[in-house]
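The structure under discussion appears below in the form of structure tokens.
Where a number appears in this text, it was derived from the coordinates with a stated rule and is not lab data. Only a predicted model underlies this, so the values are computations on that prediction, with no experimental measurement involved. Here the Cβ positions follow ideal geometry from the backbone for every residue, glycine too, while neighbour counts run over all protein chains shown.
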Amino acid sequence: MLTLHGAQGPRRGSDLNELGIIHDGALLVRDGIVQQVGPSRRVENLAEARDAVEVSAVGRVIMPGFVDSHTHLLSPPPDAGEAELKAAASIVRTSSAKRLAARARKHLEAMARHGTTTVEVKIGCCGADDSVDIKLLRVLAALRDNPLDVVSTILFHLPPDGAARQDAVERVCGGLLPKVCGRRLARFADVDLDGDGSYGPLFERFLHAAGEAGMGVKIHGISSAHGRAVGLANGHRAVSVDHVERADPEEALALGSFGGVATLLPSSAFRQGRSDAWGRNLIDAGAAIALASDFNPQHTPALNLQTVIALASMQMGLTAAEAISAVTINAAYAAGCADRVGSLEVGKTADLLILNIADYRDLAKQLGMNLVHLTMKRGAFIYKEGAVAPLDAEELKARW
């Protein structure tokens, strides 16, 4: 059993390798909350465990559910051109909320089957029509807890037309952010640091307005803007800097001094043909790192965080333990929910996985294989590995 029990705050350095392992461990769950964690003999002999339903995990690994702290579940991709943004906005306007929710739920259910129990979803501002973003955020709000916890983030991109950028920032800061926060449709505001340093005042304006509205802030730090990203992140007490796509020694030191979490996206690096070991540089510099999928149905259609663990180990220089910490407790800090999820501790939500492996290090060796036997969310099993067997045609007809 990997409990990930440890000190408060995101894990750094050697602490990333501390998984809080209990050999022959057990836990007691009531009403979706972890009541006890410890050696099986002690937990099984507790008075409150006498009437419990026992689920055997003999020969398997138990660990916290994965937290995917960076996805674009419903949004157009961040690097879409103006024409694509307009087309995407038009599709959202003409699609029913029911249809959008069905599309999102399909992906959320696939995530659950692969072990994700909490997911952060970034909704990008779709041009000048705030109603599009509000609609998507409402869809996400309706999907919370069904089947996963969904953390919503509003992501702001500067428009391609330089002349329209000031007006866009004022529109979002004066209208969209207060509206989103007032309706509790998003927890975080994120800004894409696209463009040169001359746009710094616009980014500052957005981050200040988000903080004033009561939202947590995040930084979408592209590869050419890490120094600027860390400066903005520290100045506005950002929870995370995402899209950390390189880390030379100077950049690694800057991120090592950052109080939040640096989010790495191995699937994106793999898609771009990179095999850098800069993840190792960040850890050695003292950075608190998280790993996420960067799932986007069009550009990064990869939602299996088991694969992310393997890629981080094979291509970024992380140990299996470091990668596991990065997709559980550190990712929970990046998503602002480490008080509830990310580790198996008394008082936290019972989000856990039972895996078809006897050694957690096998997670870093299996590329593309689904090792999940059971997924538990809030004390209820929402996915169970099924048998491979012929199905009766009438049963298939009924399901269809």
Among Gly182, Gly221, Ala254 - extreme Cα towards positive end, dipole of the chain, charges at beta-carbon: Gly182
Part-to-part distance (alpha-carbon centres) for region 322-378 and region 232-286, which is given in Å: 21 Å
query: If each residue's Cβ is checked for other Cβ atoms within 10 Å, how do Met215, Met63, Met314 rank with the fewest at the top?
result: Met314, Met215, Met63
- prompt: Between Ile91 and Glu170, what is the label-to-label distance in nm when each label sits 7 Å out along the Cα-to-Cβ direction?
  reply: 3.3 nm
task: Calculate for the chain the 222 nm mean residue ellipticity that helices alone would give, adding -39,500 (n - 2.57) per DSSP H run of length 4 or more and normalising by residue count, nearest 500 deg cm²/dmol.
output: -10000 deg cm²/dmol
Filter on Lys218/Lys384; Lys135/Lys384; Lys98/Lys179 - keep pairs with C-alpha separation over 29 Å: Lys218/Lys384; Lys135/Lys384
query: Can you give the relative contact order of the chain as a percent, counting alpha carbon pairs under 8 Å and 6+ residues apart?
result: 22 percent
task: Would you kindly state the longest site-free stretch of the chain, with sites defined as trypsin sites (Lys or Arg not before Pro) in a DSSP loop (not H, G, I, E, B) surrounded by at most 12 other Cβ atoms within 10 Å?
output: 238-400
- request: Place a +1 charge on the Cβ of each Lys and Arg in the chain and a -1 charge on the Cβ of each Asp and Glu, then give the dipole magnitude about the Cα centre in debye, rounded to the nearest 20.
  value: 960 debye
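What is region 287-383's relative contact order, in percent, from Cα pairs under 8 angstrom and six or more apart in sequence? Please list the in-between numbers first.
Numbers: 136 pairs, mean separation 26.1, N = 97.
Once normalised by length, the contact order is 27 percent.
For region 11-120, state which GluC sites (Glu not before Pro) are in a DSSP loop and have at most 13 other beta carbons lying within 10 Å of their beta carbon.
Listed in order of number, the matching sites are Glu54.
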message: Please give me the summed charge of the neighbours of Gly221: other residues whose Cβ is under 13 Å from its Cβ, Lys and Arg +1, Asp and Glu -1.
response: -3
